[in-house]
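Peer 1: The structure follows.
The values are calculated or read from the model by the stated rules, or taken from the named source; none is laboratory data. Model, not experiment: these values are computed from the prediction. For neighbour counting, all protein chains shown are included, and Cβ atoms are generated from backbone atoms with ideal geometry for every residue, glycine included.
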Amino acid sequence: MKRDDAATSVRQLHERIDIRARELALHHAQRLRCGRGCDSCCVDDLTVFSIEAERIRTSHQALLRDGTPHPPGACAFLGSEGECRIYADRPYVCRTQGLPLRWFSEDGAGEICELRDICPLNAEGPAPDALPEEACWLIGPVELELANLQAKTRDPHENRIALRALFDRTR
């Protein structure tokens with residue numbers, strides 16, 4: 001897959017994520033407290049697939065070249081008022097923050113179990129475990145799609161990239 005095709009595929013995937021995330025946000029509108037300046041989930045250790053990092057590099061060259069990353073402890077892309085400086089091009093993980101999440105994991109006995117969680121700021125209302133499956137964001141399918149896109153365009157074993165590393169002036 002060519003670089004331009006990969007960039008288009010990532011944008012299209014992000015658009016599909018946004019549609020579903022908006023649906024869930026409307027469904028949970030009474031409980032969601034997320035908004036501009038709400039940055040408690042914008043932590044410093046977030047990593048992204050290199051194909052998502054490429055979208056940020058391409059779309060925010062001036063910021064990465066001339067800008068200053070937010071001080072360590074929070075996402076490097078936060079502005080001085082807690083706003084996201086790359087909002088339109090933010091990675092997948094940022095597009096679903098705050099929503100009720102569900103995923104599958106192996107428990108201590110080797111059994112697969114479903115786990116659920118929601119941002120503590122959005123906890124008012126039914127517990128995530130009481131929500132129907134379709135009222136939660138399922139973690140896994142999008143990550144798999146990103147991994148498949150990456151495998152078509154880059155080394156599939158390439159490590160994920162820390163968002164802060166995109167400001168690395170030595171690159």
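Here's the yes/no breakdown for (1) assigned to a helix (DSSP H, G or I); (2) at pLDDT 90 or above; (3) of a type in the set (Asp, Glu); (4) surrounded by 13 or more Cβ atoms within 10 Å (Cβ to Cβ):
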{"residue": "116", "(1), (2), (3), (4)": "no, yes, no, yes"}
{"residue": "126", "(1), (2), (3), (4)": "no, yes, no, yes"}
{"residue": "144", "(1), (2), (3), (4)": "yes, yes, no, no"}
{"residue": "149", "(1), (2), (3), (4)": "yes, yes, no, yes"}
{"residue": "152", "(1), (2), (3), (4)": "yes, no, no, yes"}
{"residue": "156", "(1), (2), (3), (4)": "no, no, no, no"}
{"residue": "164", "(1), (2), (3), (4)": "yes, yes, no, yes"}
{"residue": "170", "(1), (2), (3), (4)": "no, no, no, no"}
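Here is a yes/no grid of residues against (1) assigned to a helix (DSSP H, G or I); (2) out of contact with any helix residue (DSSP H, G or I) (no Cβ under 7 Å at 6 or more places or on another chain); (3) of a type in the set (A, V, I, L, M); (4) without any contact (Cβ under 8 Å) to a residue 24 or more places away in the chain:
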{"site": "63", "(1), (2), (3), (4)": "yes, yes, yes, yes"}
{"site": "70", "(1), (2), (3), (4)": "no, yes, no, yes"}
{"site": "81", "(1), (2), (3), (4)": "no, yes, no, no"}
{"site": "98", "(1), (2), (3), (4)": "no, no, no, no"}
{"site": "104", "(1), (2), (3), (4)": "no, yes, no, no"}
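Peer 1: Does residue 91 satisfy the criteria of being modelled with pLDDT of 95 or more, within 18 Å of residue 40 (Cβ to Cβ) and touching a helix residue (DSSP H, G or I) at 6+ places or on another chain (Cβ under 7 Å)? Explain how you work it out, then say what you get.
Peer 2: On the way: modelled with pLDDT of 95 or more: yes; within 18 Å of residue 40 (Cβ to Cβ): yes; touching a helix residue (DSSP H, G or I) at 6+ places or on another chain (Cβ under 7 Å): yes.
Spelling it out, residue 91 is indeed modelled with pLDDT of 95 or more, within 18 Å of residue 40 (Cβ to Cβ) and touching a helix residue (DSSP H, G or I) at 6+ places or on another chain (Cβ under 7 Å).
Peer 1: Go through (1) without any contact (Cβ under 8 Å) to a residue 12 or more places away in the chain; (2) under 17 Å from residue 94 (Cα atoms) and name the single condition residue 18 misses.
Peer 2: Single failed check for residue 18: (1).
Peer 1: Let me confirm something: among 28, 14, which residue is closer than 16 Å to residue 121 by Cβ and modelled with pLDDT of 95 or more? First the steps, then the outcome.
Peer 2: Working: 14 fails: closer than 16 Å to residue 121 by Cβ.
Just one listed residue meets the conditions, 28.
Peer 1: Go through the range 1-52 and report how many residues are β-branched (Val, Ile, Thr) and in a helix (DSSP H, G or I).
Peer 2: Total meeting the criteria: 5.
Peer 1: Hey, can you tell me all the residues within the range 128-142 that are in a loop (DSSP other than H, G, I, E, B) and surrounded by 14 or more Cβ atoms within 10 Å (Cβ to Cβ)? So that I can check it myself, show each step before the final result.
Peer 2: The initial filter retains those residues of the range 128-142 that are in a loop (DSSP other than H, G, I, E, B), namely 131-132, 136, 139-140.
Of everything in the range 128-142, those that are in a loop (DSSP other than H, G, I, E, B) and surrounded by 14 or more Cβ atoms within 10 Å (Cβ to Cβ) turn out to be 131, 136, 139.
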